[in-house]
Structure formats: C-alpha cells, structure tokens
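First up is the structure itself, then whatever we jot down about it.
The values are calculated or read from the model by the stated rules, or taken from the named source; none is laboratory data. What you are looking at is a predicted structure, and each value in this text was computed from that prediction instead of being measured. Because the Cβ atoms are built from the backbone with ideal geometry, glycine has one as well, and the counts that use them run over all protein chains shown. The area values use the complete protein model at the heavy-atom level, side chains included, leaving out ligands, DNA and RNA. Shrake-Rupley method; radii C 1.70, N 1.55, O 1.52, S 1.80 Å.
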Protein chains: 2
Amino acid sequence: MLPEPIRRELTTIAGPEGFLDSPADLLAYSYDATPVYQSAPDGVVFPRSTEEAQAILRFASREGVKIIPRGSGTNLSAGSVPVEGGVVMVLTRMSRVREIDTENLTATVEPGAITGPFQAQVEAMGLFYPPDPGSVAVSTLGGNVATCAGGLRGLKYGVTRDYVLGLEAVLPSGEVIRTGGKAMKDVAGYDLTRLLVGSEGTLAVITEILLKLVPKPAAKRTLLALFPHVTDAARAVSGIIAARIVPATLEFLDQATARVVEDYAHAGLPTDVGAVLLIEQDGAPAAVDADIEEIARVCRTSGASDVRVAATPEEAVGLMTARRAALAALARLRPTIVLEDASVPRSRLADMVQAINTIARKHRLQICTFGHAGDGNLHPSCLTDARDTEEMRRVEEAFAEIFATAVAMGGTITGEHGVGAAKADYLEWKVGAAGIAVMKRLKSAFDPQGILNPGKMFARTSRPRIVVSR
Amino acid sequence: MLPEPIRRELTTIAGPEGFLDSPADLLAYSYDATPVYQSAPDGVVFPRSTEEAQAILRFASREGVKIIPRGSGTNLSAGSVPVEGGVVMVLTRMSRVREIDTENLTATVEPGAITGPFQAQVEAMGLFYPPDPGSVAVSTLGGNVATCAGGLRGLKYGVTRDYVLGLEAVLPSGEVIRTGGKAMKDVAGYDLTRLLVGSEGTLAVITEILLKLVPKPAAKRTLLALFPHVTDAARAVSGIIAARIVPATLEFLDQATARVVEDYAHAGLPTDVGAVLLIEQDGAPAAVDADIEEIARVCRTSGASDVRVAATPEEAVGLMTARRAALAALARLRPTIVLEDASVPRSRLADMVQAINTIARKHRLQICTFGHAGDGNLHPSCLTDARDTEEMRRVEEAFAEIFATAVAMGGTITGEHGVGAAKADYLEWKVGAAGIAVMKRLKSAFDPQGILNPGKMFARTSRPRIVVSR
C-alpha cells in the first residue's frame, strides 16, 4: 500500500477515476501476456494528458516512486510486469488519433490508440501503416513503439522503427522532449527518436507519436505452399530471394504446428506435411501477378508437394487462417504456452528449425515452431504447464540453448518481443559486456535515479554463456 | 607539433606510412567541403584495422589526445574539420567490401569503402543500395553512416539509417562494440546501431558496417516538368502524393538555379521557367509506365508549361543533367558557395522557397534554391565571397533566419548534411534545451573525456532564438 500522501497526490493529478489501488485492480495490473511472471504494483495511474504524465513523473522523481509505463499489456517478455512493485502508468486514456495528414503522409497519435482500428482508419483513406504485430487488435501504438513491434510484413516493409518520424516523450524528471518531425529528412543531433523506439519504457514515457504512412498497395494476392521437409521450404525461401522478389509476407509453420492448426482450424492441410509457407505479395496488380506466378514456380521446383494460389480475397483469408490460428491452436493443447522469439539470418532458417527440434528432444519438451521465414524471425513455442516446476526448469534450459544457438548463427535473442524481465539474463550473450556497459550508461543518462520500469533490460548478474556445439 | 612520444607511438601503431605531420599534410587535413572553416590538426593517422583503431583510441584516451575521425572529407557542416586541433583519424585505408551476401541481401564493408563503386558492384549483381548523397563518387560509406547521408532517393527509399543493419565500432576507451546483425528483426537492447548512425564521429569510431540491400528495380523512367511559378510546382508535388504515387526521385530547381544551370549545361530549359521538377520512378515496368503517365497528367493539370518524358535511357541521363549540374553551375559564378540544408514538411515547399527569396532580398544576397522536393529537403545556396567579411555577416544572418523559418514550419536545421561545427549554434532551436541536455549526457555516456571530434554538435553557448514573423 502506498503512503497516503502519495495516493492523494496521484489522485489529485489524474482525477478520482485516474488512480486505482483496490486489491482487484492491483491484481489486474500484476501481469501481462507473459506466462509465469506476476507481481502486484502498489497503485495504477491513468494520465489523460502530457501535462498529467509530467506531473506524475515530476512527483515520482521527487518521492523516488517507481513508474512502470504500459499500454494494453500484450508484452511477451514481461516488459510491463511491475516486477519490483511501484506504480503502473497506463496510457490508455490518451488514445486519440490527433491528425492524419494526407499531404505529408503522416499521422499524429496518442500512445494509447489501438493499432488495428488505426490501420483500418488510414486504409479507408487509401493509406497504409504496415507494422502488424500479432496483437494488433488490442495492442497500443505506444506499446508498439516502446517495443519496436514487428509482425508479418517485416521483410518488405520493415518494423515499427521504420515508421516513427518523431516523438513527444516525458523524461523521468518531468521534462518534455520533442524529437523528429514531419520533415522526412532530419539529422539535427543524435537520433533520440530511434533510441526511444524499442527502449521498453525504461528511458522515457512516450506521450505523442508521429508516424509515417505510405500509399495502400492496389493489389494483394496470397499463396500457400506445402513441403515434405523444412529444408525444402527453406530452399524455396532462398529461391524467392534469389529471384529478386521480396514478398510482403513470407510465413512458416513447421510440421508440429501445421498438424495442430489443421486439427483446430480445418484449413485443409494434409497431416503429413513437413512444412508450410504462406506467402503474400502486394503492389501494382500486374507486378503482383508476375511475382505470385514466379513464387509458385520457385516453390514447385524447390519440392513443394502442393501450391495453392487464392483465387478470391475470401480464399486468401481462408489460407491466412492457417497462420493466424497458430497461437490459438497451440495454446489450447496444454495449460501454458511459452512463445519465444529467437531470430537468425534468413539463410539459417532450416538449420535453426532443426536445432530447435534437437534441443526439444534433448529436454523432452514439445516445441512447435512457426514465424516470419522471410526475416528469419522464428517463434519456437513450448507447450508446457507452469505448475510443473521440474518441466519449467527444462523449458528454461531449452530456451537458453535456443538463444545461444541463435546468437551463434549470427542471430539474436529477440526479434520483436523485447528483452523485458524474461530475457534480461541473456542480453549480454548478444551485445557483449561492452555493449551492456554502454546501454547502462545510456539508461543513467535518461533515468539517473532508475525509477522508470526497473528490473527490465539488464540482469542483476551475468549469466554464464552456454557453449553451443554445432 | 605533437610531443615526440605521441608521434612515435602513433607511428608504431599505424606504421611509417600511417602517420603524417608535415606542414603540407596538416594543411591537407585542415578542411573539408565546408567554406570558411579551416583549422590544422596536430597529426594525421591512418589505421589499417579495427585493432589499430583500438590501439590509437586506447592511447589517445590515456594521453588525452583529441581524435577527429573522417573519411573523404566531403562534409558540408565542418563536421570533419579539426576545429580544436588534435589528430585526424582517416579511415580510407580500411576500404574493403568484405562480403556481399546474396542470400541474406546484406553487404559487409569497411568504413573507407567509396559509396559509388560499391553501388555499382551490387547493381552488377542485380541488387541495389539506394542512398545516394551528391558526393557519392568520392564519399565513404563510413562517412555516409556517420552523417546519415540522404540524397535524391529519400522519398521512396529512405536514407542511410534505413540501410544500416549493424555496426562494429570502437569506443573512445578502445573497447569494441558490435551492434545488430544479419537477423532482419532485432530488438535486443537499446538501438545502438541507429544512435551511432548520424552521430558524426562524436560517440565512437565505426570500423565495420553491415548494410541492407534490396533487389534492383527492373525499370526506371524519367520526366522533366517546367512550371511558370514555384506554387505550380508545389501543387504538382501535392497532386502526385494525393494520387498515392511515391516517386523514386522528385527534385526541384527554382528559377534562379534553372537559369544558371541552362547557361552552364545547355539542358534546353527556357530561361523564363519559374520552377523545374525532375521526377524518376522505378519498379516493375508496367507499374512504372502507369505512374509516369499519371505523374505527367498531374503536372499538366497543375499548370506545367512543358512536360518531357525521356524516351531512352540516354535522354533520361540528359534530363538528370539539369539537376546533377546544379552545384557545379552555381559554384562557378562567385568565389564561395554556401550550400545549406534546411528542411520542411513537404506541404510547406512553396512557402519555404518564397520565404528564402524574401530573406535573400532583405539581406541583399543571391540565394538559389534546389533540392529534394519529395521530402521537403531544400538546399538554399548562397553565392558569395568568403573574403568579404561584411557580406559574410549578412550570409550568416540570412541563414539564421532561414533555419528559424524552417523550424517554425515544422522542419529542421539540417536534413542530411549534419550539425558539425557550422550548425552547432542552431541545434537548440530544433531540439530545445531539454533535448540538448539529454544529448550531452549521451555524449558523456560514450565519451566521458570528450576526446572524440570535439567542438562539434554542441554550441559553447546558447544562441538567442530569432523570432520569425510570418
């Protein structure tokens, strides 16, 4: 329970509906979408404006109160769990789309705006906001920016970072900084915009976002290809790139995922399929037709047992179901699903999938892998039970090996979910001791008292590096 | 003259040909492409490897020697001038293209590799590295990364930042950090990659660059449109964007520039033309044809007096001459040309050009404006004489007003040239006092002793803000 003067001040700043600390409320804000992690905050505050966010942070700095910013709480690395207590600052009352500027192709939004409805709004104007994390229906744009959210269109269109032109952010001191702007080129000073993108609420609280939009592609077509083995699918991915085609979406399901999805969604996948690629291309109609034809040809010559090109938009949606249903289909099999996010260079896709399978067998675990084949961003997902502490220990060991393998292949411990609390122990494997030291100094440059989202990004102690034998 | 022990140590590290300090050598490294700025270094050192760069920086840290990293010295903001003396570290002996990875669409290069030949090398393989600063024939990729170089293709393809996947960099302490990698998605920790891009050699010395490549567009077409007045050209730019077309290149020349270019290059421009747009589109052939047709239509309905679509690649090169020749044509008119870089949101293009003309008249100066209309990045260029101190004072006053106007329009003091020494006084106008304070703390986090490229980015004192009446 927070001391009464702190409760009173936060209530004064955010209004009586803007501060919560009943046991039910503290429970509701004790977790995000990450399994296992849970920790109750001491209070929950909902600023309505930049000024209120400033007042809260100014007060928190003075009193040494920890602040954990969050949006919808769809984080998968425990990035929005108040692991050290403190006050959760929820940005969902700042949810307006302030402007869509059709002449400069920009949008100005508040951090609590939900990504999916925003995308629909700009698409209705013939424009397009490409980043589409799996949580798009509920996640906030502020959360997307704080984690540099990716999604299915990363290969061709990039990730959230590539669409953030400017930010308004409140420093822990309560000071406001404004970065970037509508001028498409801007090199005035250090790139604070991209430093804040992906900083997971540890440097500043984002209160306004200026996003870049692009014209909506005129056409889109979808293709599903089934392969006897993951190496065939990987050969098709390489063949598509070698043909100098960059598809909008190039998704992958392994055999285990495909079986589970078929059982759940009845998408018409043979149960003996070794790997599935789901491919979309968009752009000018004639170019899309030519690309899809060439992609189908490459899939067939790479050994696809079946290639299905959607003839209608409805059929395309049907094919996409196989991919979109993956998480839901997997999640119903066992009480807990640990959805991970190791990424490798595209050329190592088959090696990585096979390494994951070997690691799963070694630790007697069921790991299904799906993800974004085009950018090497895989989601090995372990079906388990959080109540089984012995099995959870094996899950942790297996994922440590998976992260070490990804790094050894030139990849990374997290492609799009973030470090949060769940992967803080592994960050040094990717960035090295010198990298960690620089990042900690950056953290201090923004947040000398360490009041913003404590317990995230950095481990308390170094974790011994696993040696991967290859 | 450096103390003998320092000369000896630098010679030992870089070899006898790797250290210079004759008067002629010090003169040769006393300037870059920025007019007026000149200051001799105390020595010049040329590392051949990351290890040598480390040894130099470790030694410099210990002895408190200032290090000014540079490539070919094409900087236009005095970013590579040793304004406080010290040792210039030239990276041109590290100039190899180490790898072009056609499967992952990446290139690994040393910082001294020259941009133009690198582009030609990847294009011969059917790939494409889009950033193309005006200095492309001589500038280094390391310099491009250090300044986040832009160029003619920014509107559609973005700038250098958008193509840097990872870096190896040496901190002032001599420690090496490695950022990013070939995994296309990577959110492991703070985005040190993009923080170093555009940091102008003030945070670390870049020793290896991992670049993203894209497939080379199959077709390209070029169009030249002449307009009676700048507002007609601006209407055409808006109309093209409103038609949901993003051209690869959308360049602008004002009346004064067009006249000078015609006199120099005989490109066939009428001398009474008010503004010129030079537009390129690339992509799949049918889509390019459709876009060029629509762009020509929009130009005509916006009031173009003439629209010329190049029928052949040779004719396209001819049309491009008008734009490519602008700087050379202007430079021969008077002894000094001050090429500036104020940028505004695309929608303010005509307002900004007119404001520049008003400011030029007020200060009795000849300012010609050309630049990248598509991304609002203008290059107002003042024809003057550096020996005329009274006129140079007026040049400085005029550009201060131009920067203030750009910022007031939602733009920036530099779109692609960087802050360097020349614009340090104006940075606060764009990023505010809180922004400057954060950036100074970031600088200290990397370079606590302040030995890397001193006298750049930050002004010694705050400059009074000009109030622009509009």
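Taking all protein chains together and a probe of 1.4 Å, list A:Tyr29, B:Tyr31 from the most accessible to the least accessible.
Putting A:Tyr29, B:Tyr31 in descending order of accessible area: B:Tyr31, A:Tyr29.
Our coupling estimate for the range B:431-445, obtained by passing each phi through the Karplus curve with A = 6.51, B = -1.76, C = 1.60 and θ = phi - 60°, is 9, x, 5, 5, x, 4, 4, 4, 4, 5, 5, 4, 3, 5, 5 Hz, Gly and Pro reported as x. Only beta bridges with both residues in chain A are counted; by DSSP, about 85 percent of them are antiparallel.
The H on the amide N of B:Gly415, modeled in the peptide plane, is under 5 Å from the matching H of A:Val187, B:Ser343, each at least 5 residues off or on a different chain.
From the largest down, the range B:334-417 spans 36, 20, 16 angstrom on the principal axes of its Cα atoms. Backbone amide hydrogens, once placed in the peptide plane, bring B:Leu165 within less than 5 Å of B:Leu210, B:Leu211, B:Lys212, excluding anything fewer than 5 places away on its chain. Note: relative contact order over the range A:364-470, using C-alpha pairs below 8 Å and six or more positions apart, is 23 percent.
Taking θ as phi - 60° and the Karplus parameters 6.51, -1.76 and 1.60, the scalar couplings of the range A:164-177 work out to 9, 8, x, 9, 10, 9, 9, 6, x, 5, x, 5, 9, 10 Hz in sequence order, x denoting glycine and proline. For the protein assembly as shown, the fraction of 1.4 Å probe accessible surface lying on carbon and sulfur atoms is 52 percent. In the range A:239-258, burial by the other protein chains removes 10 Å² or more of 1.4 Å probe accessible surface, compared with the chain on its own, from A:Ile241, A:Arg244, A:Val246. A 1.4 Å probe, protein heavy atoms only, puts the accessible area of A:Lys182 near 50 Å².
Mean per-residue shielding of peptide A:160-167 is 2, counting Cβ atoms of other chains within 10 Å of each Cβ. If you take all C-alpha pairs in the range B:68-162, what percent of them are over 15 Å apart? The calculated P(r) of the range B:68-162 puts 60 percent of pairs beyond 15 Å.
Accessible surface comparison of B:Asp254, B:Asp306, probe 1.4 Å, protein chains only, largest first: the order is B:Asp306, B:Asp254. Based on DSSP, what percent of beta bridges with both residues in the range B:1-216 are antiparallel, to the nearest 5? Bridges in the range B:1-216 that DSSP calls antiparallel: roughly 75 percent. Along each principal axis, taking the top coordinate minus the bottom one, the Cα set of the range B:1-216 gives 52, 36, 28 Å in descending order.
Annotation for A:Gln449, label-to-label distances across the other copies: 3.4 nm (shortest first, one decimal, point 7 Å from Cα along Cα→Cβ).
Whole-Hz Karplus values for the range B:391-396 come out as 5, 4, 4, 5, 4, 5 Hz, taken residue by residue from phi with 6.51 cos²θ - 1.76 cosθ + 1.60 and θ = phi - 60°; glycine and proline positions read x.
Please work out how much accessible surface B:Leu339 shows to a 1.4 Å probe, ignoring ligands, DNA and RNA, in Å² rounded to 10. B:Leu339 has an accessible surface of roughly 20 Å² with all protein chains in place. The alpha carbon centroids of the range B:36-99 and the range A:312-346 are separated by 50 Å. Restricting the calculation to Cα atoms, the range B:1-119 yields a radius of gyration followed by a Dmax of 15.4, 51 Å. Kirkwood-type hydrodynamic radius, the range B:219-328: 13.7 Å, calculated from all non-identical alpha-carbon pairs.
Placing a label point 7 Å from Cα along the Cα-to-Cβ direction at B:Gly64 gives distances to the equivalent points in the other copies of 3.7 nm, listed shortest first. Buried accessible surface for the B/A chain pair comes to about 6200 Å², total over both chains, computed with a 1.4 Å probe.
Across the protein chains, with a 1.4 Å probe defining accessible surface, the residues B:Ile279, A:Ile337 rank A:Ile337, B:Ile279 from largest area downward.
Show that you can apply the helix-only estimate: for the protein assembly as shown, add -39,500 (n - 2.57) for every DSSP H stretch of four or more residues, divide by all residues, and state [θ] at 222 nm to the nearest 500.
-11000 deg cm²/dmol
Among the protein heavy atoms, those of B:Phe403 account for about 0 Å² of accessible surface (1.4 Å probe, every chain in place).
Expressed in Å, the radius of gyration and Dmax of the Cα atoms of the protein assembly as shown are 27.7, 83. Placing a label point 7 Å from Cα along the Cα-to-Cβ direction at B:Asp272 gives distances to the equivalent points in the other copies of 8.1 nm, listed shortest first. Comparing the range A:349-464 with the 2.2 N^0.38 Å rule of thumb, its C-alpha radius of gyration ratio is 1.17 (two decimals). The convex hull defined by the C-alpha atoms of chain A has an orientation-averaged projected area of 22.2 nm².
The mean accessible area for residues of the protein assembly as shown, using a 1.4 Å probe and ignoring ligands and nucleic acids, is 34 Å² per residue. Take every pair of alpha-carbon atoms less than 8 Å apart whose residues are at least six positions apart; their mean separation over the length of the range A:1-143 yields a relative contact order of 21 percent.
For B:Val83, no residue whose modelled amide H falls within less than 5 Å of its own remains once neighbours fewer than 5 places apart on the same chain are excluded. Here the range B:93-137 has an Rg and Dmax of 10.3, 30 Å, counting Cα atoms alone.
By its C-alpha gyration tensor, with a ≥ b ≥ c as the square roots of the eigenvalues, how is the range A:383-441 shaped: rounded for a/c under 1.5, else prolate for a/b larger than b/c, else oblate? Judged from the Cα gyration tensor, the range A:383-441 comes out prolate (a/c at least 1.5, a/b above b/c).
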